[in-house]
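Right, one structure below, let's go through it.
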């Protein structure tokens, strides 16, 4: 026992005058860190599950988890320094130097970190929102402290720095609600009954279960085209992605083709009339 106490009391290194770190202190510190992390993760998981079961918004749950993780980290660092008999005042100079270095060398990281907290606190972008950023479109899957994970419409997942979401123009299709407006365009041949075309399009829109009644769908006689009479059918649907919106448009086009054939309405295609002046000489 005396030998064990002697081994545990062996000095490993020194943090300064009168601040020797022994094997026992190091083992106790590592043990407490492991126990603290295990307890913290258990509490975090339990509270996150409870909030999710109570249908609390996922953005709030994620914000809570980030705050909880930072508080646990601060508590662990303070505990470690206390166990090692290291006064916090001795880190004042080092902390200042590190802060200056971080300020010059990690501006982008700090910018993205602060932007991440702004996104989670103000919630201009939420988990599940459908975004359009430049030529990228996709659904937000997670908002982290440095970057936001977005699933593009082709299934590719992107990590976007949070600062880009605050400094650039971002189209959030679902920021207020899940309603989106779209349209299908169809051209019918000249000589068609335009009133019948309008009635058929309105009937197709109102009978589709995905098209909302309010706002009501609308059919516009858009233009006299080169080869067709152009009609635009506008409608609103409730959706969370462009993929489902494209699916509704596709279904409506199938229905338009079927209904127009049943009513002898010809969907126009480009064609040209050629008039030849003079006579044609055919050589054999």
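The values are calculated or read from the model by the stated rules, or taken from the named source; none is laboratory data. Fair warning: this is a prediction, and the values are worked out from it, not measured in the lab. Virtual Cβ from ideal backbone geometry, glycine too; neighbours counted across all protein chains shown.
Count, please, the residues in segment 223-252 that happen to be over 29 Å from the mean Cα position of the chain (by Cα) and surrounded by 15 or more Cβ atoms within 10 Å (Cβ to Cβ). Step through it out loud before you land on a result.
So in segment 223-252, the residues over 29 Å from the mean Cα position of the chain (by Cα) come out as 223-233.
Okay, now just the ones that are also surrounded by 15 or more Cβ atoms within 10 Å (Cβ to Cβ), so 228-233.
Going through segment 223-252 one residue at a time, the tally reaches 6.
Quick one: would you say residue 244 is in contact with a strand residue (DSSP E or B) (Cβ under 9 Å, 6 or more places away or on another chain), in a helix (DSSP H, G or I) and closer than 27 Å to residue 62 by Cβ? Step through it out loud before you land on a result.
Working: in contact with a strand residue (DSSP E or B) (Cβ under 9 Å, 6 or more places away or on another chain): yes; in a helix (DSSP H, G or I): yes; closer than 27 Å to residue 62 by Cβ: yes.
Here the answer is yes, as residue 244 does meet what is asked.
Looking at this structure, is residue 43 at pLDDT 75 or above and more than 26 Å from residue 143 (Cα to Cα)?
On the way: at pLDDT 75 or above: yes; more than 26 Å from residue 143 (Cα to Cα): no.
Considered against the rule, which asks whether it is at pLDDT 75 or above and more than 26 Å from residue 143 (Cα to Cα), residue 43 comes out as no.
Considering segment 137-175 alone, what residues qualify as being part of a strand (DSSP E or B) and touching a helix residue (DSSP H, G or I) at 6+ places or on another chain (Cβ under 8 Å)? Step through it out loud before you land on a result.
Filtering segment 137-175 down to residues part of a strand (DSSP E or B) leaves 137-143, 147-152, 157-161, 171-172.
Passing the criteria: 137, 142, 143, 147, 148, 161.
Given the criteria surrounded by 15 or more Cβ atoms within 10 Å (Cβ to Cβ), in contact with a strand residue (DSSP E or B) (Cβ under 8 Å, 6 or more places away or on another chain) and modelled with pLDDT under 80, does residue 117 qualify?
When the stated conditions are applied, residue 117 does not pass them.
Quick one: residue 145 ticks every box in (1) farther than 17 Å from residue 61 by Cα; (2) more than 13 Å from the chain's Cα centre (by Cα) bar one, so which box is it?
It is condition (1) that residue 145 fails.
Any idea which of (1) in a strand (DSSP E or B); (2) free of Cβ contacts under 8 Å to residues at least 40 places away in the same chain is the one residue 184 doesn't satisfy?
If we test residue 184 against (1) in a strand (DSSP E or B); (2) free of Cβ contacts under 8 Å to residues at least 40 places away in the same chain, just (2) comes out false.
Restricting to segment 160-181, name every residue that is free of Cβ contacts under 8 Å to residues at least 40 places away in the same chain and surrounded by 12 or more Cβ atoms within 10 Å (Cβ to Cβ).
Answer for segment 160-181, where residues must be free of Cβ contacts under 8 Å to residues at least 40 places away in the same chain and surrounded by 12 or more Cβ atoms within 10 Å (Cβ to Cβ): 160, 164.
State the number of residues belonging to segment 27-43 that are within 10 Å of residue 72 (Cα to Cα) and in contact (Cβ under 8 Å) with a residue 24 or more places away in the chain.
3
May I ask you to list pairs of residues, at least six apart or on different chains, whose Cβ atoms are under 7 Å apart, with the first in segment 229-254 being modelled with pLDDT of 90 or more and the second being crowded, with 17+ Cβ neighbours inside 10 Å and assigned to a helix (DSSP H, G or I)?
Going by the 7 Å Cβ cut-off, the qualifying pairs are 231/197; 231/201; 233/201; 233/205; 235/205; 252/204.
May I ask you to list the residues in segment 187-200 that are in a helix (DSSP H, G or I) and surrounded by 12 or more Cβ atoms within 10 Å (Cβ to Cβ)? Walk me through it before giving the result.
Just the residues of segment 187-200 that are in a helix (DSSP H, G or I), to begin with: 194-200.
194, 196, 197, 198, 199, 200, listed by residue number.
For segment 190-210, give me each residue that is touching a residue at least 40 places away in the same chain (Cβ under 8 Å) and in contact with a strand residue (DSSP E or B) (Cβ under 6 Å, 6 or more places away or on another chain).
197, 201, 205, 210
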